[in-house]
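Read through the structure below, which is laid out as structure tokens, and then see the notes.
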Amino acid sequence: MGLVLGIETSCDETAAAVVDHTGGVRANIIASQLDIHQRYGGVVPELASREHLRSIVPVVRAAMEEAGVGYPQLAAVAVTAGPGLMGALLVGVTYAKGIAYAAGIPLIGVNHLEGHIHAVLLEAHQEHQEIEFPALALIVSGGHTHLFFAEAPEHYRLLGRTRDDAVGEAYDKVAVSLGFGYPGGPVLDRIASTTTPVRGMFSVPSMKGNSLDFSFSGFKTAVRRWREAQSNMTAEIEKRRALLGQSSEPALDDWLALTPEATRTMISSFQQTVVDHLETNCRSALQETGARSLIVSGGVASNRGLRERLLRPAFPIPCYFPTPALSTDNAVMIASAAFPRLRRGEYSSMSLSPEAGMRLDSVRESPA
Ligand code: KG4
Ligand code: ZN
């Protein structure tokens with residue numbers, strides 16, 4: 001069956017990987033744009049496209065060199081076609097088309113969310129674990145909070161999604177408002193684990209209409225209110241901003257030294273309630289669907305609070321998380337997601353165009 005080159009440029013990582021049909025990873029290259037977006041406290045779409053344009057050629061070349069293959073030896077080139085930032089997606093799709101055309105190999109457009117699910121399926125396969133279907137798939141990142149029901153691999157039904165901010169976005173916004181750096185998830189997660197949360201500071205939003213939807217924008221507002229009610233908060237935040245001015249990635253101990261117990265308790269309570277919200281919807285979806293397992297993927301899948309909660313024996317079904325390397329955006333998951341389609345000979349045409357708002361549950365109906 002051979003090798004697939006995967007290309008991912010949907011957000012702020014330019015990534016290329018070569019994966020073989022047994023799930024072996026021959027190359028995995030990621031050029032992160034974090035340092036560029038860091039100073040803006042979030043991803044700036046125009047800058048992202050420009051950086052993808054700069055990085056795509058060397059990143060793909062590095063992946064091919066690491067794998068030690070030439071383009072004609074590839075079975076296909078797979079590329080993220082959506083969802084994501086339009087300008088960013090265009091860079092990957094256009095480059096992948098060029099390779100497919102020049103080397104005379106098939107092109108396979110992949111849904112980014114399906115890629116995240118495949119990160120977990122691939123690692124389970126490598127570990128000889130069998131993930132039972134039907135399954136739930138919770139995708140949690142800076143751009144997405146989606147809960148799917150998967151009757152079988154590749155057959156997805158959207159059960160719920162965020163109505164406002166994505167969960168990682170909520171972490172990032174709360175972190176910036178408190179004077180921590182971007183992205184805020186990792187630092188808030190580590191601070192949360194240094195203290196015990198208290199109940200009642202935050203509440204799980206109750207969703208009218210589809211109760212399996214999510215909402216995270218209220219957390220940002222609740223943190224702002226809490227912040228405004230504290231005395232000395234401006235000075236505390238200024239001290240953290242000053243620390244950030246000295247180094248873009250301060251050590252945890254340095255953050256902790258500038259974060260009093262009251263702030264830590266608030267952060268820990270924020271995290272507890274965010275995890276409550278995610279867990280509650282997963283449990284409801286489980287009751288509704290009778291799913292046999294839960295797949296969690298995306299950058300927020302590395303959150304300690306979430307992992308602890310869903311991996312507890314009290315959680316009714318087995319839960320699978322990717323390793324940190326495959327939880328954030330990468331191209332291994334894109335190459336891996338293309339294999340079932342490659343096996344069926346289902347290719348994309350050269351007119352493949354990226355779709356910023358591509359849905360996962362409509363992918364199977366669209367003509368290949
Ligand atoms: O999947 P990813 O790398 O990029 C997107 O597609 O968005 O996810 C990055 C997001 C950021 O919002 C970051 O703050 C969040 O994931 N994140 C976390 C943690 N690690 C990363 N959020 C909470 N806890 C973490 N440990
Ligand atoms: Zn992603």
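Please treat every number below as a calculation from the coordinates, not as lab data. None of the values given here were measured: they were computed from a predicted structure. Ideal geometry is used to build each Cβ from the backbone, glycine not excepted, and the neighbour counts take in all protein chains shown.
Some points to look at:
- Residue within segment 139-152 that is surrounded by fewer than 24 Cβ atoms within 10 Å (Cβ to Cβ), over 24 Å from Asp254 (Cα atoms), under 17 Å from the mean Cα position of the chain (by Cα) and polar (S, T, N, Q) present: no
- Taking the numbered list (1) in contact (Cβ under 8 Å) with a residue 40 or more places away in the chain; (2) out of contact with any Leu (no Cβ under 6 Å at 6 or more places or on another chain) in turn, Val77 passes all entries but (2).
- Count - residues of segment 311-334 that are surrounded by fewer than 23 Cβ atoms within 10 Å (Cβ to Cβ) and aliphatic (A, V, I, L, M): 4
- Within segment 148-169, being more than 17 Å from His118 (Cβ to Cβ) and of a type in the set (Asp, Glu) holds for Asp164, Asp165, Glu169.
- Here the condition is being within 13 Å of ligand 1 (Cβ to nearest atom), within 22 Å of the chain's Cα centre (by Cα) and closer than 28 Å to Pro205 by Cβ; of Thr273, Thr328, Thr280, it holds for Thr328 alone.
- Just one of the listed residues (Leu310, Leu244, Leu212) is more than 16 Å from ligand 1 (Cβ to nearest atom) and either under 24 Å from His116 (Cα atoms) or of a type in the set (A, V, I, L, M, F, W, C) (or both), and it is Leu212.
- Residues of segment 43-69 satisfying the condition of being among the small types (Gly, Ala, Ser) and surrounded by 14 or more Cβ atoms within 10 Å (Cβ to Cβ): Ala48, Ser49, Ser55, Ala62, Ala63, Ala67
- Residues located in segment 238-253, provided they are out of contact with any helix residue (DSSP H, G or I) (no Cβ under 8 Å at 6 or more places or on another chain) and in a helix (DSSP H, G or I): Glu238, Lys239, Arg241, Ala242, Leu244, Gly245, Gln246, Asp253
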